[in-house]
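What follows is a set of notes on a single structure, which appears directly below.
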Amino acid sequence: MSRKWLEKEGLRWVDQNIVTREQYHQILGLYEDKKHAIGILPILGSILVGLGILSFVAANWQDIPQLMRLSLIMIIMVACYGAGEIFQRKDHEKLGIALTALGFVSFGAGIVLIGQMFHLVAYNITSFIVWGSTGILLTYLYRSRFIYLLSLIVFTAAQLYNMLEFNQFSYIGFAIMALGLGYYAWMRKNTLLTWCFSLSYVLHALIFILHKDWAFLWFFIPVMVLYTLGDWYKDRSTGYALQSVPLAAAYIFAVVITLSWVNHPSDLDEVLATPWIFISSMLVLFVLSFIGKLKHERSSSALEWVLVVPFVYLPSGVSILYLLSLFFFSFYVLWRGYIEEWRFKINFGTVLFICSSMIAYGKLTWDFMDKSLFFIIGGVLLLALSWFLNRRNKRFLDEVKGGKPS
């Protein structure tokens with residue numbers, strides 16, 4: 001709930017004699033958010049200071065004697081960690097975390113700079129794993145979301161660098177990231193951290209499949225494992241954060257197949273996994289997912305699995321079936337939004353339905369329609385759909401006085 005929305009709606013409550021003006025101001029006092037605005041300043045400041053230090057050192061690095069370079073790296077890192085600890089003990093938590101994060105960044109920069117100084121050659125990402133592991137320890141020590149996100153970025157970027165530079169995938173790095181940061185997000189039940197972990201996990205799965213040069217469908221096995229874990233989360237908002245990225249990946253895949261698939265693709269090996277292994281694995285995951293949904297009384301969300309039904313194994317009609325699955329999923333999101341009276345889901349379902357409609361329009365008309373006419377008619381249809389659905393949503397939301405998640 002935003003304070004801006006509360007200020008606007010609260011005045012309506014006063015006008016309708018639902019609350020008094022004194023009660024209105026008391027309610028606003030419970031949602032004071034100035035501290036959040038102030039709290040972000042030390043984090044932004046630490047980022048700017050870190051960039052400034054790195055740019056200054058990089059510009060003058062060759063002119064600094066080696067002993068002074070080592071001393072400079074150590075002094076900056078120790079000073080940041082020490083100052084961060086001091087400020088946190090004095091109840092300046094945001095500033096303390098910002099300085100500790102700056103020490104963490106300085107530690108990673110020191111690893112890189114020392115390697116360049118002594119011409120050390122690396123054939124793997126061990127140094128980055130050490131850097132990221134330090135971030136995990138700091139995350140558990142200070143329980144900081146900011147340091148958690150920095151650590152997640154380090155592990156993800158290191159894995160991508162590992163594939164591009166060394167053509168390798170670090171199983172140790174992935175295991176440390178998944179166990180250390182995944183367990184932290186699981187226990188803290190923080191929606192932002194869970195969503196970011198889910199995104200990193202899916203990117204790791206994609207990097208692994210590309211590195212192994214396996215058929216792309218294998219990508220959905222580890223991705224749907226993550227989705228299945230989300231069904232065993234009791235807290236729905238956190239579980240949904242864990243599942244949103246796998247669903248987004250499945251939706252994008254369905255869009256690509258709808259627009260590009262032909263009845264006889266030239267190279268099925270790049271897409272199709274071994275049928276009996278893939279289908280049986282997905283069935284096992286579906287059963288586990290459905291059990292979790294039943295346990296938490298969310299059995300209707302099993303319809304989300306329509307996005308990963310392997311229509312690609314069928315001899316014909318693949319594009320149409322994936323297109324229908326896109327429409328079905330968008331209608332499902334809209335339906336759940338209306339049932340739950342949740343404004344975000346209604347708006348999101350509307351966007352998905354419009355996207356599905358434009359994909360269908362492009363699929364069916366691009367090859368034979370004049371391109372100028374294609375864009376004109378497509379734009380008119382998009383505006384008409386947007387107007388109709390927004391009008392319908394506004395009417396519904398006015399009736400229920402705003403939505404809320406279940």
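Structure data summary
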read-out: Among (1) at pLDDT 65 or above; (2) in contact with a helix residue (DSSP H, G or I) (Cβ under 7 Å, 6 or more places away or on another chain); (3) not small (Gly, Ala, Ser) - the single one Ile75 does not satisfy; value: (2)
read-out: Residue satisfying condition, being hydrophobic (A, V, I, L, M, F, W, C) and more than 26 Å from Phe290 (Cα to Cα), within set Trp214, Trp195, Trp186, Trp218; value: Trp214
read-out: Hey, Ile277 touching a Phe, Trp or Tyr at 6+ places or on another chain (Cβ under 7 Å) and either open to solvent by 30 Å² or more (accessible area, probe 1.4 Å) or modelled with pLDDT of 90 or more (or both) or not; value: no
read-out: Members of the stretch 295-323 that are among the aliphatic types (A, V, I, L, M) and over 26 Å from the mean Cα position of the chain (by Cα); value: Val312, Leu314, Val318, Ile320, Leu321
read-out: Answer residue from the stretch 293-312, given it is of a type in the set (Gly, Ala, Ser) and open to solvent by 30 Å² or more (accessible area, probe 1.4 Å) and is farthest from Phe328 (Cα to Cα) among those; value: Ser299
read-out: Hey, Trp5 modelled with pLDDT of 70 or more, in a helix (DSSP H, G or I) and out of contact with any helix residue (DSSP H, G or I) (no Cβ under 6 Å at 6 or more places or on another chain) or not; value: no
read-out: Residue in the stretch 317-328 that is part of a helix (DSSP H, G or I), of a type in the set (Val, Ile, Thr), open to solvent by less than 20 Å² (accessible area, probe 1.4 Å) and over 20 Å from Val255 (Cα atoms) present; value: no
read-out: Qualifying position, being closer than 19 Å to Leu192 by Cα and either under 22 Å from the mean Cα position of the chain (by Cα) or without any contact (Cβ under 8 Å) to a residue 40 or more places away in the chain (or both), among Ile147, Ile129; value: Ile147
read-out: Cβ-Cβ under 8 Å pairs, at least 6 apart or on other chains, the stretch 89-118 side among the hydrophobic types (A, V, I, L, M, F, W, C), far side not in a helix (DSSP H, G or I); value: Ile97/Ser144; Ala101/Ser144; Ile114/Leu120
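Every residue, every condition in (1) of a type in the set (A, V, I, L, M, F, W, C); (2) in contact with a Phe, Trp or Tyr (Cβ under 7 Å, 6 or more places away or on another chain); (3) within 27 Å of Ser71 (Cβ to Cβ), yes or no:
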| position | (1), (2), (3) |
| --- | --- |
| Ile136 | yes, no, no |
| Leu141 | yes, no, yes |
| Glu165 | no, no, no |
| Ala185 | yes, yes, no |
| Ser198 | no, no, no |
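The values are calculated or read from the model by the stated rules, or taken from the named source; none is laboratory data. It should be emphasised that the depicted structure is a prediction, and the values quoted were computed from it without experimental measurement. Positions of Cβ are generated from backbone atoms using ideal geometry, with glycine treated the same way; all protein chains shown enter the neighbour counts. When the accessible area is computed, the model is the full protein with side chains, heavy atoms only, and any ligands, DNA or RNA have been set aside. Shrake-Rupley method; radii C 1.70, N 1.55, O 1.52, S 1.80 Å.
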